[in-house]
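Worksheet: one structure, shown below.
The values are calculated or read from the model by the stated rules, or taken from the named source; none is laboratory data. On a predicted model such as this, the values are computed, not experimentally measured, just so you know. In this analysis, Cβ positions are derived from the backbone assuming ideal geometry, glycine residues included, and neighbour counts consider all displayed protein chains.
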Amino acid sequence: MVARRAAPASGAKAPVPKMKIWVVFGGRVKFGDGRADLLERVERLGSFKKAVAELGMSYRAAWGYFRELERVAGIRLLERQAGGGPAGGSRLTAEGKHFLARYRRFRRGLDAHVADHFARSFRE
């Protein structure tokens, strides 16, 4: 008897790879896509509080996480300016921008490799 592949169901979607990856500092503090998204929002919005709210995160937990990340990574990611208006708020430091750019470059490289490997592994 010859095994036959089942025909794809009507409306079936092609599979795509999904991957979660973190950069780990101090063996326990993780930095991944979610934290990178938060940093990008801080830069775009000029406010840590607004960025956290946009992602539905706890301000206290997110702020504590970034303080711990800065401590174990040895880099300052965020700078805060007291006051409202355009002079106040939060921004990424030059080191923070550089770190975020390196993480995104690392992630794009992994995504390209995973997509290529997936295509080779699942081709007919």
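Figure legend. Inter-residue proximity from segment 1-20: first residues under 30 Å from His113 (Cβ atoms) and modelled with pLDDT under 65, second residues part of a loop (DSSP other than H, G, I, E, B) and not basic (Lys, Arg), beta-carbon distance below 9 Å, spacing 6+ or different chains. Indicated pairs: Pro8/Ala14.
Residue-level check: of (1) modelled with pLDDT of 95 or more; (2) under 30 Å from Arg123 (Cβ atoms), Ala101 misses just (2). Between Leu38, Leu78, the distinction of being buried (at least 16 other Cβ atoms within 10 Å of the Cβ) and in contact with a strand residue (DSSP E or B) (Cβ under 6 Å, 6 or more places away or on another chain) belongs to Leu78 only. Among the residues of segment 104-124, the one identified as modelled with pLDDT under 95, of a type in the set (Lys, Arg) and part of a helix (DSSP H, G or I) is Arg120. If you filter segment 79-98 down to residues that are at pLDDT below 95 and in contact with a helix residue (DSSP H, G or I) (Cβ under 7 Å, 6 or more places away or on another chain), you find that the one that is nearest to Lys50 (Cα to Cα) is Ser90. Out of the residues in segment 41-75 that are among the hydroxyl-bearing types (Ser, Thr, Tyr) and in a helix (DSSP H, G or I), state the one that is surrounded by the most Cβ atoms within 10 Å (Cβ to Cβ). Per the criteria, the residue is Tyr65.
Just one residue in the set Phe31, Phe66, Phe25, Phe48 is of a type in the set (Phe, Trp, Tyr) and within 10 Å of the chain's Cα centre (by Cα); that residue is Phe31.
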